[in-house]
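> Structure provided below as structure tokens; questions to follow.
The values are calculated or read from the model by the stated rules, or taken from the named source; none is laboratory data. These numbers come from a predicted model, not from an experiment. Cβ: placed from backbone, ideal geometry, glycine included. Neighbour counts: every protein chain shown. Just the protein is used for accessible areas: all its heavy atoms, side chains included, with ligands, DNA and RNA removed. Shrake-Rupley method; radii C 1.70, N 1.55, O 1.52, S 1.80 Å.
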Amino acid sequence: MGIAHHEVNFDSVTFENSAICIDLPNKKQITVVSIYRPPHGLIDTAELNRIFCSNSQVICFGDFNAKHSSWNIGRSNRNGHLIYDWVNLNNFSIIAPLQPTYPR
């Protein structure tokens with residue numbers, strides 16, 4: 001028995017992404033998105049809106065190359081502030097490690 005799902009395409013100029021939508025028996029859906037964002041340039045919040053404001057619940061993971069002191073102690077960058085503000089405005093949550101994921 002498999003898990004009913006289908007591929008989802010999010011056109012993006014600032015993220016590399018791959019996504020699927022899992023079709024649950026109760027007609028609800030969960031979209032799972034993997035994102036990589038190169039370290040240079042700014043995140044486009046319109047692209048975040050397209051990904052997270054779909055008709056399903058969304059779980060997104062990956063490397064946004066965004067740093068903010070609320071999830072990366074002592075470090076922040078402009079993209080971190082963009083995501084932090086966008087998440088708070090849209091009542092989402094971020095779960096991230098407090099330590100860097102690579103050696104310094």
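> Go through the stretch 84-104 and give me each residue that's at pLDDT below 85 and hydroxyl-bearing (Ser, Thr, Tyr).
Thr101, Tyr102
> Consider the stretch 12-37. How many of its residues are in contact (Cβ under 8 Å) with a residue 12 or more places away in the chain, charged (D, E, K, R), open to solvent by 100 Å² or more (accessible area, probe 1.4 Å) and in a loop (DSSP other than H, G, I, E, B)?
Within the stretch 12-37, residues that are in contact (Cβ under 8 Å) with a residue 12 or more places away in the chain, charged (D, E, K, R), open to solvent by 100 Å² or more (accessible area, probe 1.4 Å) and in a loop (DSSP other than H, G, I, E, B) number 1.
> List every residue pair whose Cβ atoms lie under 6 Å apart, where the two residues are 6 or more positions apart in sequence or sit on different chains, the first residue falls within the stretch 79-94 and is assigned to a loop (DSSP other than H, G, I, E, B) and buried (at least 16 other Cβ atoms within 10 Å of the Cβ), and the second residue, located anywhere, is at pLDDT below 95 and among the charged types (D, E, K, R).
Sorted first by the residue in the stretch 79-94, then by its partner, the list stays empty.
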